[in-house]
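Each remark here refers to the structure printed beneath this line.
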Amino acid sequence: MSSANGGDPVILATAGYDHRIRFWQAHSGICHRTVQHPDSQVNALDITPDKQLLAAAGYQHIRMYDINSSSPNPIINYEGVQKNVTAVGFHEDGKWMYTGGEDHTAKIWDLRTRTLQCQRIFQVKAPVNCVTLHPNQGELYVGDQIGSIHCWDLKTDMNEHLIPEQGCPITSVSIDPMGTMMAAVNNKGHCYLWTMTANRPGGPSKLHPKKKFQAHSKYVLKCLFSPDSTLLATTSADGTCRIWRTADLSLRTELKDKSQRWVWDCAFSGDSQYIITASSDNNARLWNVNTGEVKREYSGHEKAIVCLAFRDEVVS
């Protein structure tokens, strides 16, 4: 993980229930900018591929902030969404953004103008908890409150869905950067793993069930593959983040702090050696994945941190 300061490649932002977004120097733990996020909590954050903008998803709105500015105001403020926006992310070339929400939809938004234009809507039968984009940039995977995972092929507009565990909300879905594995977690503490094979003609990637295991004893909030695809992180209401080896799903490290409470979100460093977590004790933490040691704490929020965005690679 490179060090960060003025023009650095490292961006770390955190947010949650105190209606503030904080930007941090990742190496020092110093907060160098705080942005007020009036009207609601922040449910999800993501950074554009060119590292110029931060998107914040809240209740009935999406806001986008200039990362390199000191302005407290969003440069895009879109209010025309029903209910909570629960997920946000970007196509790798930055032309469009995707979101998911409690209005039972996943949406694709054109980013080529400064007014967000909704291009496509994918309707499901329950509130959407999570959305993830396949590394091939052509398939969206949508997890919902009634336990379905929907595979939406953006090229053909075809979709398929599976239900790993009837009636158990899917809280997070992750696909490894090589596009060979998918993980999903639910409110029972279970983690499901599939291997993936490339697109069949006219349909999404083929999923092959690999394993179901008890990742945590309580609600799992997030799952995430490491950039090198060798690790899978899961975060939970049990107060831990666990790091699993993808080769055999053995437990590599348990990241635990006595004050942590619910661990809501996480992000790996580009070299897969570190992970940052966000938790209900109002703190984010940088951990060494190998030793389980806390290397840095990010303190300053007044309520739970439920989401973070972290990028430490150099954009060419």
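If you go through the stretch 135-167 one residue at a time, how many are open to solvent by 10 Å² or more (accessible area, probe 1.4 Å) and either without any contact (Cβ under 8 Å) to a residue 12 or more places away in the chain or more than 16 Å from PRO209 (Cβ to Cβ) (or both)?
So the count comes out to 13.
Considering only residues that are under 14 Å from HIS190 (Cβ atoms) and hydrophobic (A, V, I, L, M, F, W, C), which ones fall in the stretch 135-161?
ILE149
Taking the stretch 118-130 as the region of interest, how many residues are open to solvent by less than 20 Å² (accessible area, probe 1.4 Å) and under 14 Å from the mean Cα position of the chain (by Cα)?
2
Scan the stretch 265-278 and give yes if some residue there is assigned to a loop (DSSP other than H, G, I, E, B) and among the aliphatic types (A, V, I, L, M), otherwise no. Before you say what the answer is, go through the steps one by one.
Initially, the stretch 265-278 is screened for residues assigned to a loop (DSSP other than H, G, I, E, B), giving 269-273.
Keeping just the survivors that are among the aliphatic types (A, V, I, L, M) gives none.
No - not one qualifying residue is present in the stretch 265-278.
Which count do you get for residues in the stretch 168-199 that are closer than 24 Å to VAL306 by Cα and either of a type in the set (Gly, Ala, Ser) or free of Cβ contacts under 8 Å to residues at least 40 places away in the same chain (or both)? Break it down into steps so the answer makes sense when it comes.
First pass over the stretch 168-199, keeping only residues closer than 24 Å to VAL306 by Cα: 168-177, 182-192.
From what's left, either of a type in the set (Gly, Ala, Ser) or free of Cβ contacts under 8 Å to residues at least 40 places away in the same chain (or both): 168, 172, 174, 183-184, 186-190, 192.
Of the residues in that region, 11 qualify.
Working only within the stretch 76-96, note down all residues that are closer than 11 Å to ILE62 by Cα and of a type in the set (A, V, I, L, M, F, W, C).
Hits for the stretch 76-96 are ILE76, VAL81, VAL85, ALA87, VAL88.
Among the listed residues HIS27, HIS61, identify the single one that is modelled with pLDDT under 95, open to solvent by less than 10 Å² (accessible area, probe 1.4 Å) and of a type outside the set (A, V, I, L, M, F, W, C).
Matching residue, one of HIS27, HIS61: HIS61.
Being among the basic types (Lys, Arg), closer than 24 Å to GLU302 by Cα and crowded, with 21+ Cβ neighbours inside 10 Å is the requirement here; does ARG33 meet it?
Criteria not met by ARG33.
Just give me the residues in the stretch 199-258 being open to solvent by less than 70 Å² (accessible area, probe 1.4 Å), in a strand (DSSP E or B) and farther than 16 Å from LEU286 by Cα, in sequence order.
LEU207, HIS208, PHE213, VAL220, LEU221, LYS222, CYS223, PHE225, LEU231, LEU232, SER236, TRP244 - these are the residues of the stretch 199-258 that are open to solvent by less than 70 Å² (accessible area, probe 1.4 Å), in a strand (DSSP E or B) and farther than 16 Å from LEU286 by Cα.
Starting from the stretch 284-304, keep only residues that are in contact (Cβ under 8 Å) with a residue 24 or more places away in the chain and under 14 Å from CYS266 (Cβ atoms), then list their pairs with residues that are open to solvent by 80 Å² or more (accessible area, probe 1.4 Å) and assigned to a loop (DSSP other than H, G, I, E, B) whose Cβ atoms are within a distance under 7 Å, requiring at least 6 positions of separation or different chains.
TRP287/GLU293
Quick check, is ASP103 over 18 Å from the mean Cα position of the chain (by Cα) and within 24 Å of HIS134 (Cα to Cα)?
In short, yes.
List every residue pair whose Cβ atoms sit under 6 Å apart, with the two residues 6 or more apart in sequence or on different chains, where the first one lies in the stretch 9-22 and is among the aromatic types (Phe, Trp, Tyr) and the second, anywhere, is open to solvent by less than 10 Å² (accessible area, probe 1.4 Å).
Partner pairs satisfying both residue conditions: none exist.
Restricting attention to the stretch 268-288, report how many residues are surrounded by fewer than 22 Cβ atoms within 10 Å (Cβ to Cβ) and either aliphatic (A, V, I, L, M) or closer than 25 Å to GLN41 by Cα (or both).
The qualifying residues number 4.
Could you give me the residue pairs with C-beta distances under 8 Å whose first residue belongs to the stretch 250-267 and is closer than 12 Å to SER279 by Cα and touching a residue at least 60 places away in the same chain (Cβ under 8 Å), whose second residue is of a type outside the set (Ser, Thr, Tyr) and not in a loop (DSSP other than H, G, I, E, B) wherever it lies, and which are 6+ apart or on separate chains?
That search, which allows pairs on different chains as well, returns TRP264/GLY16; TRP264/LEU221; TRP264/LYS222; TRP264/ALA278; TRP264/ILE305; TRP264/VAL306; TRP264/CYS307.
Go through ARG200, ARG261, ARG296 for me and flag whichever is modelled with pLDDT under 95, in contact with a Gly (Cβ under 8 Å, 6 or more places away or on another chain) and basic (Lys, Arg).
ARG261 is the lone residue from the list that is modelled with pLDDT under 95, in contact with a Gly (Cβ under 8 Å, 6 or more places away or on another chain) and basic (Lys, Arg).
Does any residue of the stretch 98-106 turn out to be in a strand (DSSP E or B) and closer than 24 Å to GLY270 by Cβ? Give the steps one after another, and end with the answer.
Step one: list which residues in the stretch 98-106 are in a strand (DSSP E or B), which gives 98-101, 105-106.
The next check asks that each one be closer than 24 Å to GLY270 by Cβ; those that pass are 98.
The answer is yes, given that some residue of the stretch 98-106 is in a strand (DSSP E or B) and closer than 24 Å to GLY270 by Cβ.
Inspect the stretch 1-10 for any residue being modelled with pLDDT of 95 or more and open to solvent by less than 50 Å² (accessible area, probe 1.4 Å) and give the result as yes or no.
First, the residues of the stretch 1-10 that are modelled with pLDDT of 95 or more: none.
No - not one qualifying residue is present in the stretch 1-10.
The values are calculated or read from the model by the stated rules, or taken from the named source; none is laboratory data. On a predicted model such as this, the values are computed, not experimentally measured, just so you know. In this analysis, Cβ positions are derived from the backbone assuming ideal geometry, glycine residues included, and neighbour counts consider all displayed protein chains. Areas reflect the complete protein model, heavy atoms only, side chains present, ligands, DNA and RNA absent. Shrake-Rupley method; radii C 1.70, N 1.55, O 1.52, S 1.80 Å.
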